[in-house]
Amino acid sequence: MQDKEPNNDNQPQGGEGGFNWKGLILLFVAMGLFALAFWSKGFSDASKTLTFAEFKEKVATDKIFIDETAKPPKILSLVQKDGSSKQFIVGYYEVDDPTANSGEKYSKFSTPVILEYADEELKEVLAAKNLEISELATESDGLGMMLMSFYLPIFFLLILLYFLFRHQIKAAGKGAMSFGKSKAKLMSMDKGKVTFKDVAGVEEAKEEVWEIVEYLRDPKKFQKLGGRIPKGVLMVGSPGTGKTLLARAIAGEADVPFFSISGSDFVEMFVGVGASRVRDMFEQGKKSAPCLIFIDEIDAVGRHRGHGLGGGHDEREQTLNALLVEMDGFDTQEGVIIIAATNRPDVLDPALLRPGRFDREITVSLPDVKGREAILKVHAKKVKIAEGVDLDVIARGTPGYSGAELANVINEAALLAARKGMKAITTAELEEARDKVRWGKERRSLALSEDEKQLTAYHEAGHALLGMLVKDTDPVHKVSIIPRGPALGVTMYLPVEDKHSYKKQYLLDRLILIMGGRVAEELVFGDVTNGAAGDIRQASEIARKMVCNWGMSEKLGMIEYGEGQGEVFLARDISSPRNYSEATAQLIDDEVKKLTDEAYAEATRLLKENRDTLEAIAQALLVYETLDGVHIQEIMEHGEIQNPPSAPTPPDLPGEESDAKTTVAEEEKKDSGEEEFPGELAPA
């Protein structure tokens, strides 16, 4: 990976920087000027207003200040304020309490008068005390003073606010203009670097993408034979199989710039933004060519065109068109390799999948037993595993687990061991974590009545007994009537080996096995419950696939009925007509019912013939709650359990100090050589 800093010019600039200290300072200055303006306004109007009656009283009591040195000896003046029709008598009067006037003996006053009405009366009042009023003049605190004291600070305030908001608007403008910029991030692998050593269980996929890394490192090695660099690689697989992890490993191994973006990052509320971001992303790539661009969940923008349901704009189609043109259009440049990942390849547009755009499609499938063991070993390096723990046993006990689920198994086992106060993870914690990840956590505290416990025990005993009686099926691994997840009880089967294809006899025996719970309820209690809802759904799915998809019906033959897609894709599958008649549909229903009815009848026959064994297994479940496959085998052979499991431990209630007791009980169990699940797993 080249040591290159991310190009900040290509990142959105819409006001997402650091703290705006400049704006904060401007705001405080503006607030100070605003306060100064009001203070100045209040200071300029500090004189007390006296009514005309109060003025006459002050004159009569000789309270008016007279400056004897003045020519003439008087201080009263008559002024007219700008913009007003009133005149004001202005002067100073003697206050009664100088301490209330900051120690000043005299205070300024102004008395409004209208000479048109009060001229004669005013002359009489003043003549009685030998006072005169100067000529009418404009008030000294006029327009200029008002501007200086009030309007000028407001003016400065507005200027400061303008600069403040101008800065914010400018930043917002940059953010608005950055909508069309790509959100692809240049990966920096200085910390948390992932390499191909950290990826396990997908060896073929690693081999194919390693070829691209080798090409980027030494292109001449391939160009000698005329080979050209692939333009696109599409990684397809179920969720959790490691597609994104594989892309991160490519980023860690490649010595070229690696950009990462999600398919949803192209879609925005504005029309045309997605296409603009696609163009900008390829522009960034061409500047750094050769480079890799990883698009996660490409089905967000690469969906099949023309199959939208309802109206609306075609923003997603515009984005897809831009992506198609950039990958292999008229003006395409070499050096930009697209690596995309999706778990829905069936919804992608065919134009996107053709060679020249995505030259290579890599299937990242669920790992086999060897792959699962390798994945467990990779994740086990990050935790403390006790000596003697065989990860191969856990790998054989986790068929169908994805890489993400296996990582979760290791993590849950570590949390469980830490909760118990243990120093390392043992096999018991790994098995409990495996069951918790797939079927949910045990709910020992769930209050069940005795009737419900009996129903659950006989239901699971029916499954377990048929698992031992039918030949072509997976061996029984564990039976439990402890509620786990949404189920009140569970019967677990462990395949001898990973299966990729299923025989018809295996599926028929599987149907018989599924019917065991409902049949046992009916035989023992003469009634049925809703506890077989999951069994019915599973049996119906298997029987319908046998008839419609796998050609296992003698009447209908080797013909596929229905499109065969596992999931519906909008209007394409909703509006597609059914490819068989009503008579055929009725025949399909009859064949599905025939398979389930025959399985039910066979399950009833087997359980009636082995009624005593059914009772023994159910009673053992009521006593021990959990039985292993070896315990079921002992009941089948001897009628009872030869090596009984440990008695069930009641759950710790909140607030009870039982941690110390539990630890002591565990130590005693270890000293005696007992294990929580003493039965061995089925041999591989």
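How do the pairs read when you match residues in region 440-462 that are on the phi > 0 side of the Ramachandran plot and part of a helix (DSSP H, G or I) with residues anywhere that are open to solvent by 10 Å² or more (accessible area, probe 1.4 Å) and not aromatic (Phe, Trp, Tyr), using Cβ under 7 Å and keeping only pairs 6 or more apart or on different chains?
none
Just one of Leu681, Leu653 is at pLDDT below 50, farther than 21 Å from Val524 by Cβ and buried (at least 19 other Cβ atoms within 10 Å of the Cβ); which is it? Steps first, answer last, please.
Values: Leu653 fails: buried (at least 19 other Cβ atoms within 10 Å of the Cβ).
Result of the check over Leu681, Leu653: Leu681.
Give Ala543, Ala457, Ala520, Ala533 a once-over and let me know the one that is at pLDDT 85 or above, small (Gly, Ala, Ser) and surrounded by fewer than 18 Cβ atoms within 10 Å (Cβ to Cβ). Walk me through how you get there before you give the answer.
Details: Ala543 fails: surrounded by fewer than 18 Cβ atoms within 10 Å (Cβ to Cβ); Ala457 fails: surrounded by fewer than 18 Cβ atoms within 10 Å (Cβ to Cβ); Ala520 fails: surrounded by fewer than 18 Cβ atoms within 10 Å (Cβ to Cβ).
Ala533 is the lone residue from the list that is at pLDDT 85 or above, small (Gly, Ala, Ser) and surrounded by fewer than 18 Cβ atoms within 10 Å (Cβ to Cβ).
Looking at the structure I just gave you, is Val476 open to solvent by less than 60 Å² (accessible area, probe 1.4 Å), among the aliphatic types (A, V, I, L, M) and modelled with pLDDT of 90 or more? Can you show your working first?
Values: open to solvent by less than 60 Å² (accessible area, probe 1.4 Å): yes; among the aliphatic types (A, V, I, L, M): yes; modelled with pLDDT of 90 or more: no.
The answer is no for Val476.
Does any residue in region 606-626 that is assigned to a helix (DSSP H, G or I) come within less than 6 Å, Cβ to Cβ, of a residue that is hydroxyl-bearing (Ser, Thr, Tyr) and modelled with pLDDT of 90 or more six or more places away or on a different chain, and which pairs are these?
Here the result reads Ala618/Tyr458, each pair linking region 606-626 to a residue that is hydroxyl-bearing (Ser, Thr, Tyr) and modelled with pLDDT of 90 or more.
Listed residues Leu606, Leu614; which is at pLDDT 90 or above and in contact with a Gly (Cβ under 7 Å, 6 or more places away or on another chain)? Don't jump to the end; show me each part of the working.
Numbers: Leu606 fails: in contact with a Gly (Cβ under 7 Å, 6 or more places away or on another chain).
Of Leu606, Leu614, the one residue that is at pLDDT 90 or above and in contact with a Gly (Cβ under 7 Å, 6 or more places away or on another chain) is Leu614.
Just wondering, is there one or more residues in region 194-214 that are part of a loop (DSSP other than H, G, I, E, B), under 24 Å from the mean Cα position of the chain (by Cα) and modelled with pLDDT under 70?
No, every residue in region 194-214 fails to be part of a loop (DSSP other than H, G, I, E, B), under 24 Å from the mean Cα position of the chain (by Cα) and modelled with pLDDT under 70.
Applying the selection to region 479-500, what residues are at pLDDT below 85, in a strand (DSSP E or B) and out of contact with any helix residue (DSSP H, G or I) (no Cβ under 6 Å at 6 or more places or on another chain)?
Listed by number, the residues that qualify are Ala487, Met492, Tyr493.
Which condition number in (1) over 24 Å from Asp498 (Cα atoms); (2) of a type outside the set (Lys, Arg); (3) in contact (Cβ under 8 Å) with a residue 24 or more places away in the chain is the one that Val437 fails?
The failed condition is (1).
What are the residues in region 463-488 that are at negative phi, within 36 Å of the chain's Cα centre (by Cα) and free of Cβ contacts under 8 Å to residues at least 60 places away in the same chain, if any?
Once the filter is applied, which keeps residues that are at negative phi, within 36 Å of the chain's Cα centre (by Cα) and free of Cβ contacts under 8 Å to residues at least 60 places away in the same chain, region 463-488 yields Pro483, Arg484, Pro486, Ala487, Leu488.
The values are calculated or read from the model by the stated rules, or taken from the named source; none is laboratory data. Note that the coordinates shown come from a computational prediction; the quantities given were computed from them, not determined experimentally. Cβ coordinates were reconstructed from backbone atoms using ideal geometry, including for glycine residues, and neighbour counts include every protein chain displayed. The protein model used for the area step is the full one, side chains on, heavy atoms only, and it has no ligands, DNA or RNA in it. Shrake-Rupley method; radii C 1.70, N 1.55, O 1.52, S 1.80 Å.
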